[in-house]
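What follows is one structure encoded as structure tokens, with my remarks underneath.
Throughout, read-outs are computed from the coordinates displayed, never taken from laboratory work. Fair warning: this is a prediction, and the values are worked out from it, not measured in the lab. With ideal geometry, Cβ positions are generated from the backbone for all residues, glycine too; neighbour counts draw on all protein chains shown.
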Amino acid sequence: MPFAQIYLIEGRTEEQKRALIEKVTVAIVEAVGAPRENVRVWLHDIPKENWGIAGVSAKALGR
């Protein structure tokens, strides 16, 4: 059972997340031949203040 975990800074729309899940699922099916129903995708929506870039939070950087 292929399992993909994707970490994102918060702020994507539900539609964008649905599209990401669909495209990652298709890529896994094509790449390794796994049955679509066995593929799992887990999106981690990380608050901007919890994501650091070069020692500064993404929120402080205006991301």
### Query
Pairing the Cα long axis of helix 14-32 with the longest principal axis of the chain, what angle in degrees results, from 0 to 90 and rounded to the nearest 10?
50 degrees
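One quarter of the convex hull surface, Cα atoms only: what value does that give for the chain in nm²?
Mean shadow area of the hull around the Cα atoms is 5.0 nm².
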### Task
Tell me which residues come under 5 Å, amide H to amide H, from V41 once H is placed; ignore anything under 5 positions away on its chain.
A4
### Neighbourhood charge, 14 Å Cβ-Cβ cut-off, centred on E30 and excluding it, Lys, Arg +1 and Asp, Glu -1
+1
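Over the chain, what is the mean sequence separation of C-alpha contacts under 8 Å (at least six apart), divided by residue count, expressed as relative contact order in percent? Let's see the in-between values first.
Values: 68 pairs, mean separation 26.5, N = 63.
Value for the chain: 42 percent.
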